[in-house]
Amino acid sequence: MLVALLAACGGSPAAKPAEAPVSADDATTTLDQVAALAAERTPGSAKLVCDTLAESCDGLSSGYRANPTSAPLPPPSILCDIALPPIPGQTGPRILVITGRDVADREYAGQVLLLRRNGHVILHEPAFWNGIRYTQLAAGRAWDAASDDPSLRAEHNTTVRSACTDPEAFAAVITGTTPPSRHPTSSRTAR
C-alpha cells in the first residue's frame, strides 16, 4: 500500500517531454546567425557558435573549432526547407538543404539539421560548408560529408539536393517512418 501511495504522489521521475517543433522562420534565423558568426572567422566566434548555437563541434564540425578560417565568407543559399516528423526528444526538427561556395571556391551542397535544446534552436553540425548529408535520425544519427575528389563531390551534391525533389520521401527514409501514400485509391484518401 505504501509503495502504491508513493508512486501516486510522484515518487517516480517523469519522462522529459520532447522539445517543441522548429519553425521555418526559426530555422532560417538560426542558420543566418551561424553563417554571420562563422564569417567572422575568429576563435571567439567559433566558440560562440559551438557553445550556444550548435549541439556540439565534436563531429564533422571539429575542424571548424580548430581552424575558424575554414568558414566561408558568403552565407549559404537555402534550396528547400523540410519539416521532419518527430524523432527521439524532438517533436519537429527541420532540415534546410543549402548550397554555397567554400573557402577553396568549391561548390558545396549540404543538409543542416535544426533541433531544439532547452527551448533554443540549434544546429546539429554547424560547419554547414562541409556538405553534410543525413542518412538516419531516428535510431541514432548517421551522416557523412562531401569528398575532396571532384567526381565524388559532384555525386554527393546531387544526392544532397535530391532531398528537395521529394521531401516527404526523404523525411520518411531518414526518420524510419512511412510516408502517406499518394495513390488516389489508398486507404487514407478513399472513402
* Take the Cβ-Cβ distance between THR91 and ALA39 as r, set R0 to 35 Å, and report the resulting FRET efficiency rounded to the nearest 0.05. => 0.65
* Taking the range 55-108 and dividing mean pair separation by its residue count, relative contact order in percent (alpha carbons under 8 Å, at least six apart) -> 29
* Asked: Given labels modelled 7 Å from the Cα in the Cβ direction, how far is it in nm from ASP26 to ALA169?
  -> 3.0
* Report, in whole Å, the centroid distance computed from the Cα atoms of the range 109-132 and the range 49-101. => 3
* Asked: Counting only residues 5 or more places away or on other chains, whose amide H sits under 5 Å from the amide H of GLU19 once H atoms are built in the peptide plane?
  -> GLN90, THR91
* Structure fact -> Checked the range 33-163 with the C-alpha gyration tensor, a ≥ b ≥ c its square-rooted eigenvalues, rounded below a/c of 1.5, otherwise prolate if a/b is larger than b/c and oblate if not; verdict oblate
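Just so you know, all these numbers are worked out from the coordinates, no wet-lab data involved. Bear in mind the structure is a predicted one, so any value in this text is a computation, not a measurement. As a convention, Cβ positions derive from the backbone with ideal geometry for all residues, glycine included, and neighbour counts pool all protein chains shown.
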